[in-house]
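Single-structure report; data block below.
Any read-out appearing in this document is the output of simple, stated calculations on the displayed coordinates, not a laboratory observation. Given the structure is predicted, the values throughout are model-derived calculations rather than measurements. Cβ: placed from backbone, ideal geometry, glycine included. Neighbour counts: every protein chain shown.
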Amino acid sequence: MNTGHLYVISAPSGTGKTSLVKALIEKDPSIRLSVSTTTREPRLGEVNGRDYFFTKKEQFDRQINDNEFLEWAFVYGNYYGTSATLVKNSINRGEKVLLEIDWQGAFQIKQRFDRGMLTLIFIRPPSLAILKERLQKRGQDKIGVITERLATAKEEIAKSVNFDYVIINDDFEIAVSELYRIINSS
Ligand code: 5GP
């Protein structure tokens, strides 16, 4: 049987993970990006079913009870979960499936998935000072939120030792190439 492979990518907020993943998929359109379910409100421009499946907490709880999630976690005040069926169907079709999830989800997947078909990748900023600059430039968050995200980032970076690969997103093009190389060699 043609077995697929699961790639989990985690990174602190503001590290550029979403842009990296977007560039990676442009380079290799055969990669399937899993669409998560969240209780967070959609941001401007986000589309239900493309960026996330947006749902209410009661529905999310029902999905937890019905074992519909491969993993789920509470991240920055909202719930997020990965659909077990979508991922398993893709893997069974022999596809490369990519999950863009937080470290808690990554650890759950690590416990549940066969190591031979799983690769965990952590993306980190060159330094906390540079991350702070990027969060400030992005202008999405208030000062208090930035301080909180920096403190969380520090804790998240400490968890990166449990990942198979750590990519430093200093030069964007180099980081995309590294990601592409890892995905095409495992
Ligand atoms: P955002 O709301 O900014 O899109 O995502 C916030 C955080 O939630 C990011 O770290 C993102 O990787 C994480 N996240 C998104 N989807 C999932 C998911 O299905 N499971 C888990 N555990 N984290 C997720």
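In region 172-186, the residues that are surrounded by 12 or more Cβ atoms within 10 Å (Cβ to Cβ) form Cβ pairs under 8 Å with partners that are polar (S, T, N, Q), at six or more places apart or across chains, as follows: Phe172/Ser19; Ala175/Asn169; Ile182/Thr119; Ile183/Thr119; Ser186/Thr119.
Could you please find all residues in region 46-72 being part of a loop (DSSP other than H, G, I, E, B) and farther than 22 Å from Leu6 by Cβ?
Step one: of region 46-72, the residues part of a loop (DSSP other than H, G, I, E, B) are 46-47, 49-51, 55-56, 66-68.
Those that are part of a loop (DSSP other than H, G, I, E, B) and farther than 22 Å from Leu6 by Cβ: Glu46, Val47, Thr55, Lys56.
Quick check on this structure: which one of Ser19, Ser13 is hydroxyl-bearing (Ser, Thr, Tyr), in contact (Cβ under 8 Å) with a residue 40 or more places away in the chain and crowded, with 16+ Cβ neighbours inside 10 Å? Only one candidate qualifies: Ser13. Taking region 73-177 and the helices (runs of 4 or more DSSP H) fully enclosed by it, the elements with 3 or more residues that are within 15 Å of the ligand (Cβ to nearest atom) and either under 19 Å from Thr38 (Cβ atoms) or within 14 Å of the chain's Cα centre (by Cα) (or both) are at 84-92, 103-112, 143-159. Annotation note: of Phe163, Phe122, Phe113, the sole residue that is of a type outside the set (Lys, Arg), surrounded by 14 or more Cβ atoms within 10 Å (Cβ to Cβ) and either free of Cβ contacts under 8 Å to residues at least 40 places away in the same chain or within 18 Å of Tyr76 (Cβ to Cβ) (or both) is Phe122.
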